1. Restricting to segment 173-200, and then to whatever is open to solvent by less than 60 Å² (accessible area, probe 1.4 Å) and of a type in the set (D, E, K, R), can you tell me which residue is modelled with the highest pLDDT?
2. So which of L305, L366 is farther than 30 Å from E145 by Cα and of a type outside the set (G, A, S)?
3. In segment 305-330, what count of residues is obtained for those that are without any contact (Cβ under 8 Å) to a residue 12 or more places away in the chain and either among the β-branched types (V, I, T) or outside any helix (DSSP H, G or I) (or both)?
4. What do you reckon, is V414 in contact with a helix residue (DSSP H, G or I) (Cβ under 8 Å, 6 or more places away or on another chain), of a type in the set (V, I, T) and within 26 Å of A302 (Cβ to Cβ)?
5. Checking G126 against (1) over 17 Å from the mean Cα position of the chain (by Cα); (2) more than 22 Å from S328 (Cα to Cα), only one condition comes out false. Which one?
6. State whether one or more residues within segment 29-43 are under 12 Å from V12 (Cα atoms) and either basic (K, R) or touching a helix residue (DSSP H, G or I) at 6+ places or on another chain (Cβ under 6 Å) (or both).
7. Of all the residues that make up segment 358-416, how many are closer than 19 Å to A347 by Cβ and of a type in the set (D, E, K, R)?
Amino acid sequence: MAVTEHSTERTVEAVFRIESARIIAGVTRIVRDVGIAEELAQDALVAALEQWPRTGVPDRPGAWLMTTAKHRAVDLVRRRETYARKLAEVGRSLEDVPPPAEPADPDDIDDDLLRLVFTACHPVLGTEARIALTLRLVGGLTTQEIARAFLTSEPTVAQRIVRAKRALAKAGVPFEVPYGADREQRLASVLEVIYLVFNEGYSATAGDDLVRPALCEDALRLSRVLAGLMPAEPEVHGLCALLEFQASRTATRTGPDGEPVLLADQNRSRWNRLLIRRGVDALHRAGTGPYALQAAIAGCHAAALRYEDTDWTAIATLYGRLVRLVPSPVVELNRAVAVSMAQGPAAALPLVDALGREDALRSYHLLPSVRGDLLERLGRGPEARAEFEKAAALTRNARERDLLLARAAALPPVSP
């Protein structure tokens, strides 16, 4: 394969990864079936892989993919005689015309991505199926990445996604943002999905890049739209605050070559103060739910002008409150890190060792990574090296792997 052809294929795949959620959402508006919409989006990807190496990458590759997928959707509708009446209605969606300045209904939003999230979070699906499907459609995550987010197996996730798409099609779920009680019923799943999409963008589970900014931007935008849609819901503002705080640090999380930069080494003068102020404002409107508590933790980091000024005691206390609300080994691990900073590594090591017996964390690379950090701080270099090597073997992100291996190489090996 020629270098240029290989380069074009990588471009196609990168563009599709960024644009796939919008394409699926736009096509779902036409075919009213998220499973078929995903297939048509994949067809557009195949068409690009066939054509772009010959014709070159178009000036607006995302628009090319969207138009191709929509034309295929309309062709499909045309082939179905029972959809003849709908064809006239959906034809307008092919025109590249901006939406009206204000939605027709003050309680409605002209946002296909948000419609897609609410559609995939319909109560006809179980909670885990809703989240898995939305991460697939909106986040563009692979089954492998979703499995890692769930701390479960790939076949389980794949089965959930297939069943979820079938269930939505069988129930004839409308492509819309619901109203009233229906909207509130889906809210918890919608919040969780937006949160997980942001997390995948903030710290990618796999691939060559630590950060996937497009996912962060989509999740942050969706959280703001949702806050405008449901201003009386405290946890919506809690999620908004959390994402604003986290997004404020995105630019400093990687170095010039994309390498990870640890929190202690980040240039805090480059943290986005506008996003921090937005986070503070949203936190004032939040309650005491899980997202609000996580936002308060992120706010503690944002308030510290230097790493040494971080109020780790407050953070450990907040994590303690969070784990009582949402029992989770991952939250316990984060609390252990805060305890180590507030009280020293010796106080935290037994907490981490206890978590090592949790089945859910058996393949979670951050567990040996945290344990390695504690052992290094306790002067137990060879043991720390072994933990960093174990963590490097578990992570699927190339940037994290390089960092962990570098930390391991800086420590003495285990004696023979």
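1. R186
2. On the way: L366 fails: farther than 30 Å from E145 by Cα.
After ruling out the rest, the residue left standing is L305.
3. So the count comes out to 4.
4. Numbers: in contact with a helix residue (DSSP H, G or I) (Cβ under 8 Å, 6 or more places away or on another chain): yes; of a type in the set (V, I, T): yes; within 26 Å of A302 (Cβ to Cβ): no.
So V414 does not fit the description; no.
5. Of everything listed in (1) over 17 Å from the mean Cα position of the chain (by Cα); (2) more than 22 Å from S328 (Cα to Cα), G126 misses just condition (2).
6. At the first step, the residues of segment 29-43 found to be under 12 Å from V12 (Cα atoms) are 42.
Subsequent filtering for residues that are either basic (K, R) or touching a helix residue (DSSP H, G or I) at 6+ places or on another chain (Cβ under 6 Å) (or both) retains none.
No, segment 29-43 contains no residue that is under 12 Å from V12 (Cα atoms) and either basic (K, R) or touching a helix residue (DSSP H, G or I) at 6+ places or on another chain (Cβ under 6 Å) (or both).
7. Final tally of qualifying residues: 7.
Yes/no matrix, rows are residues, columns are (1) touching a Leu at 6+ places or on another chain (Cβ under 9 Å); (2) small (G, A, S); (3) closer than 22 Å to Y195 by Cβ:
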{"residue": "I297", "(1), (2), (3)": "yes, no, yes"}
{"residue": "Y307", "(1), (2), (3)": "yes, no, no"}
{"residue": "G320", "(1), (2), (3)": "no, yes, yes"}
{"residue": "A338", "(1), (2), (3)": "yes, yes, yes"}
{"residue": "P350", "(1), (2), (3)": "no, no, no"}
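The values are calculated or read from the model by the stated rules, or taken from the named source; none is laboratory data. This one's a predicted model, so the numbers in the text were calculated from it and none came from an experiment. Virtual Cβ from ideal backbone geometry, glycine too; neighbours counted across all protein chains shown. Side chains are part of the model used for accessible areas, which takes the heavy atoms of the whole protein and leaves out ligands, DNA and RNA. Shrake-Rupley method; radii C 1.70, N 1.55, O 1.52, S 1.80 Å.
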